[in-house]
Amino acid sequence: MKQLLILSGKGGTGKTTIASAFIKLADAKAYADCDVDAPNLHLITGRNDEPVKTDYYGLPKAKINPELCTRCDQCRQNCRFDAISIDEKYEVDSFACEGCGVCEYVCPVGAITMMPAVAGELMLYSDGEKVFSTAQLKMGSGTSGMLVTEVKRQMKSAAVDTGLAIIDGSPGIGCPVIASLSGVDMVLIVAEPSISGISDMERIIKTAAKFGTKTAVCINKYDTNIENTEKIEEFCKKQGLPFIGRIPFDHSAVKAVNNGQTIVDIDCTSGTAVKDVYHKTMNLLFEKGGE
Amino acid sequence: MPDFMDTGAINMRIAVLSGKGGTGKTLVSVNLAAAAKASTYIDCDVEEPNGHLFFKPEEVQEKVISVKIPKVDHELCNGCRKCVDFCKFNALAYIKNKLIIFDDVCHSCGGCILVCPQKALTEKEKVIGKVQKGASEQVAIYTGILNTGEATGIPIIKKLLEENSEVNKQTFIDCPPGSACIVMESIKDADYCILVAEPTLFGVHDLNMVYELVKLFNKPFGVVLNKCLEGENLAEKFCVEKNIKILGQIPFDNELGTLNSNAEIAVHKNEKYRELFSALLNTVTKEVQHETTTNP
């Protein structure tokens, strides 16, 4: 199975809009939303089946038993995450706790136990034909990288070998993005023609390059700033990165999304442009000897 | 009586967040800071910091940020594997009679050093990014930058917020997208949160997430509606239903879009936007004063 990951660096450039269009065009049998702290793909895939939900446990969180605690302060002094505070009693801030277990180890009286903690929810849609894996991280939780890995694992284990999997990624360059990059065959970057968008695109390209992943670039809303669009194309040329298309700004795209439709479900300029980007992406993804 | 009442000055820390990316966090926080004149702007979106592109700060001072990671003295290591068993992040392995450390997955908890009976493990510094401080007119600009390939910017965000405790100044904190640990860290010490929403299905879904987040942390908050068009506004509808304070509306507007995409500060370029953001600043200031006097 070839896995295509859609990333952008900057948020709001149109990753999910483009991913949903690709899923439709490819009639994809396997797809996933790895933007676990703000997942949106489920809003637009038009699935009527109910997902199977499972709790996702991150690392366990420390809990202090006040009956046993002798207030020796060892836990607080050794915690690197400032997760332990003293008010009336010693307490663990479960949001700050990363579950490392140092406090449990240093406590001389065994007053600290690591308790299992739900850090999110995994959802798997599977109707026997098409598999969609997604998740929602719990508010303020860490371990988003581990949850992303679970989302991809869940998709792969449920899907029969379908030839193609489409994965919607998250903004940024940190742990969820790094986790989503591992093992994918190609990254499509959705850039936006703004100074901020260019800066963010350069950083995500650098990040993907560290993992040696094949990368192509397209521009969404290209006509909102032609000068910056040309800068991006120039940058790709210099870097030797395939530039595979311009998608125009399109009010009908917003309307389609707000109706829960993809931009290829309706007749619109952005939909026409994304079809071309899709075909070029597939050519790159499946090209022979392009490893 | 809170201290500020004696002096009449308020130290306000206002975090700007959105859940969804690209709704206009940087637009709002940069322009509010610029409208406030003597203020501080902190860019906590350390994975993709953009505020500095607008402010183009001068006299930039830089500080490298590093975390502690273990290093092993192979002479002292006796292969007991206690560190390997202890590490919850799988950052250590004992392979072919040798201890191997995976720097990238280490969370710097220091546990391995504590458990090693041979004292074979010590710590070294690993650079993960930097913090820059500069100025643009009267605005002090702080930017955190995570190095590409690094997993977590939390230590950089911590440093940014602790470095910056200047009093009697309005501080605007530009947060990362999402609702995970990095966002929580960014809003932790904020007195007030501005949620920037766009009127799309995705925008409303993610607005609901950050709405839950600020409620969870008991932060007073209000919403700025961005990219507003004529007709029904899904984000506005959400706010009315949930009885959320709408602080202001920013129209969908090609001129503003072009200024913003060229990294220009709208309040410096056009009287219309100066008025818009000054009015927003007034509303926000009143809200924060109201909150700090009623819930100090």
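Answer yes or no as to whether residue A:55 is surrounded by 14 or more Cβ atoms within 10 Å (Cβ to Cβ), of a type in the set (Asp, Glu) and closer than 27 Å to residue B:209 by Cβ. The answer is no for residue A:55. Of everything listed in (1) surrounded by fewer than 19 Cβ atoms within 10 Å (Cβ to Cβ); (2) in contact (Cβ under 8 Å) with a residue 60 or more places away in the chain, the single unmet condition for residue B:284 is (1). Out of the residues in segment A:22-47 that are among the aliphatic types (A, V, I, L, M) and farther than 24 Å from residue B:198 by Cβ, state the one that is nearest to the other protein chains (Cβ to nearest Cβ). Among them, the one singled out is A:32. Collect the residues in segment A:203-246 that are in a strand (DSSP E or B) and either among the hydrophobic types (A, V, I, L, M, F, W, C) or over 26 Å from residue A:182 (Cβ atoms) (or both), keeping them in residue-number order. Answer for segment A:203-246, where residues must be in a strand (DSSP E or B) and either among the hydrophobic types (A, V, I, L, M, F, W, C) or over 26 Å from residue A:182 (Cβ atoms) (or both): A:216, A:217, A:218, A:219, A:243, A:244, A:245, A:246. With the structure loaded, tell me whether residue A:51 is farther than 30 Å from residue A:222 by Cα and either touching a strand residue (DSSP E or B) at 6+ places or on another chain (Cβ under 7 Å) or in contact (Cβ under 8 Å) with a residue 12 or more places away in the chain (or both) or whether it fails that test. Yes, satisfied.
Give the residues of segment A:247-291 that are in a loop (DSSP other than H, G, I, E, B) and aromatic (Phe, Trp, Tyr), sorted by residue number.
Filtering segment A:247-291 for residues in a loop (DSSP other than H, G, I, E, B) gives A:248-250, A:259-268, A:287-291.
The one that is in a loop (DSSP other than H, G, I, E, B) and aromatic (Phe, Trp, Tyr): A:249.
Have a look at A:169, A:145, A:174 and point out the one that is without any contact (Cβ under 8 Å) to a residue 40 or more places away in the chain, under 27 Å from residue B:154 (Cβ atoms) and either away from chain B (no Cβ under 14 Å) or touching a strand residue (DSSP E or B) at 6+ places or on another chain (Cβ under 7 Å) (or both). Steps first, answer last, please.
Working: A:169 fails: without any contact (Cβ under 8 Å) to a residue 40 or more places away in the chain; A:145 fails: either away from chain B (no Cβ under 14 Å) or touching a strand residue (DSSP E or B) at 6+ places or on another chain (Cβ under 7 Å) (or both).
Unique residue meeting the criteria: A:174.
Residue B:165 meets the stated requirement of being over 18 Å from residue B:50 (Cα atoms), more than 10 Å from chain A (Cβ to nearest Cβ), at pLDDT below 95 and in a loop (DSSP other than H, G, I, E, B).
Tell me the strands (runs of 3 or more DSSP E) entirely within segment B:25-113 that contain at least 3 residues that are under 23 Å from residue B:163 (Cα atoms). Give the steps one after another, and end with the answer.
Values: elements: B:39-43, B:58-72, B:92-95, B:98-101.
Here the list reads B:39-43, B:58-72.
Number of residues in segment B:211-254 that are within 12 Å of chain A (Cβ to nearest Cβ), more than 19 Å from residue B:280 (Cα to Cα) and not in a loop (DSSP other than H, G, I, E, B): the value is 9.
Across segment B:202-232, the number of residues qualifying as surrounded by fewer than 19 Cβ atoms within 10 Å (Cβ to Cβ) and basic (Lys, Arg) comes to 2.
What residue, of A:143, A:162, is under 29 Å from residue B:211 (Cβ atoms) and in the same structural domain as residue A:208 (by TED's automatic domain parsing)?
Values: A:162 fails: under 29 Å from residue B:211 (Cβ atoms).
Just a single option satisfies the conditions, and that option is A:143.
Residue A:120 meets the stated requirement of being closer than 30 Å to residue A:17 by Cβ, in contact with a strand residue (DSSP E or B) (Cβ under 9 Å, 6 or more places away or on another chain) and not hydroxyl-bearing (Ser, Thr, Tyr).
Only one of the numbered conditions (1) more than 9 Å from chain B (Cβ to nearest Cβ); (2) modelled with pLDDT of 95 or more; (3) farther than 17 Å from residue A:215 by Cα is violated by residue A:191, and that is (3). Residue-level analysis places residue A:121 outside the set of residues that are among the acidic types (Asp, Glu) and within 18 Å of residue A:30 (Cα to Cα). (1) without any contact (Cβ under 8 Å) to a residue 12 or more places away in the chain; (2) more than 28 Å from the chain's Cα centre (by Cα): which one isn't true of residue A:111, the others all being true? Tallying (1) without any contact (Cβ under 8 Å) to a residue 12 or more places away in the chain; (2) more than 28 Å from the chain's Cα centre (by Cα), residue A:111 fails exactly one: (1). The set of residues from segment B:168-204 being outside any strand (DSSP E or B) and of a type in the set (Gly, Ala, Ser) comprises B:178, B:179, B:180, B:186, B:190, B:203. Hey, does segment A:242-263 have a residue that's exposed (fewer than 15 other Cβ atoms within 10 Å of the Cβ) and touching a residue at least 40 places away in the same chain (Cβ under 8 Å)? Yes. Contact map, segment B:12-24: first residue within 13 Å of chain A (Cβ to nearest Cβ), second residue basic (Lys, Arg) and part of a loop (DSSP other than H, G, I, E, B), Cβ cut-off under 9 Å, separation 6 or more or different chains; pairs are B:21/A:10; B:22/A:10.
Can you pull out every residue in segment A:122-142 that is within 13 Å of another protein chain (Cβ to nearest Cβ) and in contact with a Leu (Cβ under 9 Å, 6 or more places away or on another chain)? Residues satisfying the conditions are A:134, A:135, A:136, A:137, A:139, A:140, A:141, A:142.
Determine, yes or no, whether residue A:90 is more than 10 Å from chain B (Cβ to nearest Cβ) and touching a residue at least 60 places away in the same chain (Cβ under 8 Å). Here the answer is no, as residue A:90 does not meet what is asked.
Quick check on this structure: which one of B:115, B:64, B:139 is touching a residue at least 40 places away in the same chain (Cβ under 8 Å), aliphatic (A, V, I, L, M) and farther than 21 Å from residue A:196 by Cβ? Steps first, answer last, please.
Details: B:115 fails: touching a residue at least 40 places away in the same chain (Cβ under 8 Å); B:139 fails: farther than 21 Å from residue A:196 by Cβ.
When all the criteria are applied, what remains is B:64.
The values are calculated or read from the model by the stated rules, or taken from the named source; none is laboratory data. Bear in mind the structure is a predicted one, so any value in this text is a computation, not a measurement. Counting neighbours? That spans all protein chains shown, and the Cβs are built from the backbone with ideal geometry, glycine included.
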